[in-house]
Amino acid sequence: MNGKKEKIIYWLPRVLGLVFVLFLSLFSLDVFGEFSGWHLVLALFMHLLPALILLGVIIIAWKYDLAGAAAFLFFAAFYTWQAGFDQPWSWYALISAPAAITGIAFLLSWLQKKKIL
């Protein structure tokens, strides 16, 4: 049973991170209705930039869990700060909460590797 728990704690943040990156990528689809030609390529790249950065974080965090924890928790806090504190709670629930949960999952994975958990 303990081995199964360790596998879940290992894989959970990685899967959550990939799903979150895919979710963020969906927001870039709105550029297809607004731009065309090279402007479309540039706009698509700019809209995908946060997702691409987080994908790079996941690649690094695959080996260094603490880096993933710090990056995802930072992203959650940064998004909340950038969006402002006067927005509807759903803005934070859709972006900051999944990022924070993924960061906590990476932290738990790191704690498990260090035999603290």
- [ ] Test residue 85 against the stated conditions and say whether it is out of contact with any Asp or Glu (no Cβ under 6 Å at 6 or more places or on another chain) and surrounded by 16 or more Cβ atoms within 10 Å (Cβ to Cβ).
- [x] no
- [ ] Select from the stretch 23-66 the residues that are part of a helix (DSSP H, G or I) and in contact (Cβ under 8 Å) with a residue 24 or more places away in the chain and list them in ascending order.
- [x] 23, 24, 25, 50, 51, 54, 55, 57, 58, 61, 65, 66
Open item on the list: Among the residues of the stretch 1-21, are any without any contact (Cβ under 8 Å) to a residue 24 or more places away in the chain, over 23 Å from residue 112 (Cβ atoms) and of a type outside the set (Asp, Glu)?
Closed with: no
Task: Test result for residue 17, in a helix (DSSP H, G or I) and within 16 Å of the chain's Cα centre (by Cα) - done: yes
Task: Test: residue 12 is within 25 Å of residue 71 (Cα to Cα), of a type outside the set (Gly, Ala, Ser) and touching a helix residue (DSSP H, G or I) at 6+ places or on another chain (Cβ under 7 Å) - done: yes
Task: The one condition in (1) part of a helix (DSSP H, G or I); (2) more than 10 Å from the chain's Cα centre (by Cα) that residue 85 fails to fulfil - done: (1)
TODO: Report whether or not residue 105 is under 15 Å from the mean Cα position of the chain (by Cα), buried (at least 16 other Cβ atoms within 10 Å of the Cβ) and not β-branched (Val, Ile, Thr).
DONE: yes
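We did not get these values from a lab; they are worked out from the coordinates using the rules stated. None of these values were measured; they are calculated from a predicted model. So basically every Cβ, Gly included, is an ideal-geometry build from the backbone, and we count neighbours across all protein chains shown.
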